Amino acid sequence: MYLGNGGRRFSHQLALPLYCKHENESHHSRGPDASLNIDLVRKEIPVTSRRAYFDNAGTGPPSISVLNAIHEYLADWRDYGENWEEWLPLIIDSRRLFGKMIGVELEEVASVPNVSSALTALASSIKYKPNGNIVISELNFPTNIYLWHLQKKHGRTNEVRLLRKDQNGVVPLDEWEKAIDDDTSIVSVDYVSWMNGCREKIREIAKIAHEHDAFVIADSFHGLGVFPINAKQDGVDALACGMYKWMQGPHGAAYLYTHRERLGELDPNYIGWHGVEDSVVRRLSKQEDLFGKPFNIDDAEPAVDATRFEGGSWGVVSIVGAKAALEYVLKQDQQERHHRVLRVTDRLIDGLKKKGRRILTPLQSERRSGIVVFEDQDPQATFNKLKSLNITVASRVKAIRVSPHYYNTEEEIDKLLAAL
Ligand SMILES: Cc1ncc(COP(=O)(O)O)c(C=O)c1O
C-alpha cells in the first residue's frame, strides 16, 4: 500500500509570498456542498480582476492556491536541492486526488506529462485484434487521430474508421454503432470536442464498444472541471486528462486512468525506473531506504498498478500545481460548477443568436459543454479587437471559440456581446 501524505507541507517559509488569501472569506471553509460564492471565487482567481477571460479551453488561469503551491515548491528546491522524500508523497497524493475526481482508485492512476503521452502509452500497450480496426471521430483532438493512423502505418491495425460529423456538428450515435464491429480493437473518443464543443454520448459509445469487446479510451480534457465525471459509471477502460485547461492547473501534468481489470492485458513497449514494481516510490511506500539496495537490472517487472505507464522523473513543479488545482476543484460542487457554465454559455448563445451570428456548436442540451464556437469572417481582427478591450477568446479557422468557466459572470458575457 502507498503511504501518501495529505497534510505534509514543505517545512520552510517563503521569503515573499506571491499572493495573500482573503482571510475569513474563503468559500473553501464551507466544504463541497455549500453553494459557490462567486465574488470570493473571483478574488481567488487573479485574472478575473484584469480581463474577461474566455479561453479556458486553451489554458485555464490559475487560482492563488495553485500559484502559492508552485512558489513554495520553488523555494524548497532553492533551499534544499533534491528532496525526494518530500516530493514523492506529493506525486502519490496528486494521483489519489485525480482518482477521487473521476471516481477511481489510486492504483488505477498514472501521472504522465501530457495527454498526448497518455494516449501514446495506451497505443503502445493494447493488444490489437488481428486484421482489426480502430474507430475514432474527426471531432477528436488531432493527437487522438494521428496516433491511430500511425498504428495502421506500423501494421498494428488494418483500418482506421474516422467518423465524420454531420451538418449539425455531431457524429450521431448510430454512426458509432455502424462503425464498431467484432473486429474493432479500440474506440477512442473525446468527452467534449475541442473543435466545436460537442459533448459525446460516452456511456452509450462505451456500451456499444464493449458489446464487441473493444477497448474504450476517452480524453476528458474538456469535460473534467466542467461537469462531474465518473469513469466507472461511464464504462470507459482508460481515460486521459490534463490539468492546464478547465482544471486551472499548470502545463506538464496529466493523468492516465486504466480500469484495474484491464491493466493486466496492457503491456507497454517502454519501461523506466519509475514504472517498475521495485521503484523508488514503492520503496518509499514500504518505508524502505530509496537507494538502500541495488535495482534489479536483470529482470525488472513492470509495476502491477497503473504506474507501469510512468517512465522517468516527473515534472514535480507541475505536479505540485496540479495537486493544488485538484484540491481546489474538489472542494467545490461539480454539479454547481456545471450549472454555472451552462448559465453563462446560455446567455452567450442567446446573445449571439440575436446578433444573427452563425453558431457552429451543437445546441441540443445533452451536447452542450463549456465551449461555444461561432463563425467570424476575420477571426484574427476580432480577437485583436477583443484583446484591446481586455476580453480573451480564441481565434480559430473562420471562427471564434469562446470558453467561459464557472467563475465567469453574465456581466462579462454582456461585455463580450456588446464588443462584438
Ligand atoms: C481534447 C484535447 N486533448 C488533448 C490535447 C493536447 O493535450 P496535451 O498537450 O496535454 O498533449 C488538447 C489540447 O488542446 C485537447 O484539446
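Readers should treat all values here as calculations from the given coordinates under stated rules, not as data from a laboratory. Keep in mind that what you see is a predicted model, and the values were worked out from it rather than measured. Note: ideal-geometry Cβ built from the backbone for every residue, glycine included; neighbour counts use all protein chains shown.
Here is the result for the range 85-181: no chymotrypsin sites (Phe, Trp or Tyr not before Pro) lie in DSSP coil with at most 10 other C-beta atoms within 10 angstrom of their C-beta.
Diffusion coefficient of the range 89-329 by Stokes-Einstein, Kirkwood radius over Cα pairs, 10 °C, 1.306 mPa s: 87 µm²/s. When the chain is treated as a Gaussian network with alpha carbon springs shorter than 10 Å, the biggest mean-square fluctuation among 311, 81, 351 belongs to 81. At an R0 of 45 angstrom, the distance between the Cβ atoms of residue 42 and residue 269 translates into a FRET efficiency of 0.45.
For the range 124-171, applying the loop criterion from DSSP together with a ceiling of 16 other beta carbons within 10 Å to the trypsin sites (Lys or Arg not before Pro) yields 127, 164.
Here the mean projected area of the convex hull built on the C-alpha positions of the range 195-292 is 8.9 nm². By DSSP, the beta bridges lying fully in the chain are antiparallel in about 50 percent of cases.
Treating each Cα of the range 334-419 as one equal point scatterer and applying the Debye formula with no solvent, the log10 of I(q)/I(0) at q = 0.10, 0.17, 0.21 Å⁻¹ comes out as -0.22, -0.66, -1.01. Only helical runs count toward this figure. For the chain, summing -39,500 (n - 2.57) over DSSP H runs of n ≥ 4 and dividing by all residues gives -10500 deg cm²/dmol at 222 nm. Sparsely packed loop sites in the range 283-318 (the chymotrypsin sites (Phe, Trp or Tyr not before Pro) outside DSSP H, G, I, E and B with at most 10 other Cβ atoms within 10 Å) comprise 291. When you restrict to C-alpha pairs under 8 Å that are six or more residues apart and normalise by the size of the range 89-329, the relative contact order lands at 26 percent. DSSP beta bridges fully contained in the range 95-238 are about 5 percent antiparallel.
Exposed loop sites are taken as GluC sites (Glu not before Pro) in a DSSP loop (any state but H, G, I, E or B) with at most 13 other beta carbon atoms within 10 Å; the longest stretch of the chain without one runs 289-420. So what is the orientation-averaged projected area of the chain, using the convex hull of its C-alpha atoms, in nm²? Orientation-averaged projected area of the Cα hull: 21.5 nm².
With Cα atoms as the point set, the range 264-355 shows a radius of gyration and Dmax of 21.9, 70 Å. According to the Cα-based calculation, Rg over Rh for the range 135-262 is 0.94, with Rh computed by the Kirkwood formula.
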